[in-house]
Protein chains: 2
Amino acid sequence: MRDLTVVLTDDAALFREALAGVLGRAGFRIRAQLGDAAAARAAIAEHRPDLAVFDIRLPPTHTLEGLVAAAEIRESHPDTGVLVLSQHLETRLLRMLVRSSSRGVGYLLKERVTGIQDFVDAARRVATGGCAFDPEVVRALTRGDPLGRLSEREHEILSLIAQGRSNMAICEQLRLTKKTVESHVRSILLRLDLHPQPDDHRRVLAVLEYLRPWSEEAYRLALPPPRT
Amino acid sequence: MRDLTVVLTDDAALFREALAGVLGRAGFRIRAQLGDAAAARAAIAEHRPDLAVFDIRLPPTHTLEGLVAAAEIRESHPDTGVLVLSQHLETRLLRMLVRSSSRGVGYLLKERVTGIQDFVDAARRVATGGCAFDPEVVRALTRGDPLGRLSEREHEILSLIAQGRSNMAICEQLRLTKKTVESHVRSILLRLDLHPQPDDHRRVLAVLEYLRPWSEEAYRLALPPPRT
DNA sequence: CTGGTGTTCAGGGCTGGCCCTGATGACGGC
DNA sequence: GCCGTCATCAGGGCCAGCCCTGAACACCAG
């Protein structure tokens, strides 16, 4: 079996070198190591590697550039597997990465990669057209849309919560009692699987859940259309 | 003075017809009325109007399409003024609309347009290369970045708040006492001008303030680069 | 008819979060 | 030295929001 080729993109040079070392010793040929998305695009176009590894957050903004680049590479170079490394699970954005296919794509959470061998196995799978997702990622992908579990009324109230309205403002606006709003809030939190945890501020988490579709939509506009 | 030409885009046909009536009676020539952004782009390319009026939220997604289209038109048709109508003030997204220039652009809040004559005046100014911004919009544009008023520590704590962390989780993570975190939270809220109001849930509002740059960045990626 | 879902509301209890005041120490600028 | 800013922390108080239980009614499907 021939050596698989890889291009690595991560602005953290130390981490990038470490990955290069790991993959190199595992038999991959490192074709390039880049620190930003634009350079990665050029290198991938030049080398046409079996695998492109991206940190999700790249310069200049450290927000979305890695994911944008990864999704674009998936479209423009269908023979290049794309492996994304992330600190956090960005479920809805992840869905956009796999919207056309889950072949040749991987999404791993940096802190949950349990060993070098796991990482190498994942890289090899993705490079050869398979997929590799962190189990948390798989669970999130197979789950339905949490917001879809809300009733119409609950959705309406969550939208007001997400505007930073107090319960009192909400009950006045919707002509309900304080108790009714509280009941709905409680139901919303449970429907969204936001159970009491000492570390969580659940109202904020519910807001974040509500805002995600919007973020995804903004992001969708950043991408080329999927091939049919 | 020749009649100014205009293309209107708003998926609410009734509102669109009403605007057409108003502008028509004010001497504008209505070149086209469209319901979505793609149709608007084609019509503007065909008619090259003096003014393009957009509702900010257009189909198919009713999220950003109007603003995307408006910003693109600004780039591709520099002689066409762009007037955006919105329900809410989206400050940071607005900034992207005026990033290259504030000539030939307007942003009005639908609920704050105080009369037909005001609207017509604004349309005329924008169509002839001027600008028209709701006073609230002007105030927001001239104000600095609220997040820039935070100290490094405050910014760090706000980022944790925005992840939906409880105060207890934050104090444990940063090895501070509960009291210290509370002090920082209080300072953050005041720095962000989030004073106690019975209608507000201020912690959520602080989170929304924090998340705005990210939204803007996602949106920036959706736009063509500004001409230099 | 039964069961499930959605909507509304109540009583009662608890606490995380916020408020205010005050203090200390470090640092930098004038 | 003085002042302002930042960071840390304390004491004490209050309450919006959440929790739990329970109830009633409407509607729909089986």
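Worth pointing out:
- B:ALA13/A:ILE116 FRET efficiency (R0 51 Å; Cβ-Cβ; nearest 0.05): 0.25
- Rg/Rg_globular for segment B:146-218, with Rg_globular taken as 2.2 N^0.38 Å and Rg from C-alpha atoms: 1.06
- Label point 7 Å beyond Cα along the C-beta direction, distances from A:VAL120 to other copies (nm, shortest first): 7.7
- Ranked from shortest, the separations from the 7 Å Cα-to-Cβ label point of A:VAL22 to its equivalents in the other copies are 5.9 nm.
- Listed by chain and number, the aspartates and glutamates placed with their C-alpha closer than 19 angstrom to that of B:LYS179 are A:ASP199, A:ASP200, B:GLU152, B:GLU154, B:GLU156; residues fewer than eight positions away on the same chain are left out.
- Dipole moment magnitude, nearest 20 debye, segment A:146-218 about Cα centre, only Lys, Arg, Asp, Glu C-beta charged: 340
- Of all DSSP bridge pairs formed entirely within segment A:1-85, close to 0 percent run antiparallel.
- Neighbouring Cβ atoms from other chains, within 10 Å of the Cβ of residues in B:205-211, number 4 on average.
- Chains A and B together bury roughly 2800 Å² of accessible surface, counting both sides and using a 1.4 Å probe on protein heavy atoms.
- Shortest-first distances to equivalent copies, position B:ARG48, nm, label 7 Å out along Cβ: 4.3
The values are calculated or read from the model by the stated rules, or taken from the named source; none is laboratory data. The model shown is predicted, which means the values in this text are computed figures rather than measured ones. Ideal geometry is used to build each Cβ from the backbone, glycine not excepted, and the neighbour counts take in all protein chains shown. Remember, those area values only see protein heavy atoms, side chains included, never the ligands or the DNA or RNA. Shrake-Rupley method; radii C 1.70, N 1.55, O 1.52, S 1.80 Å.
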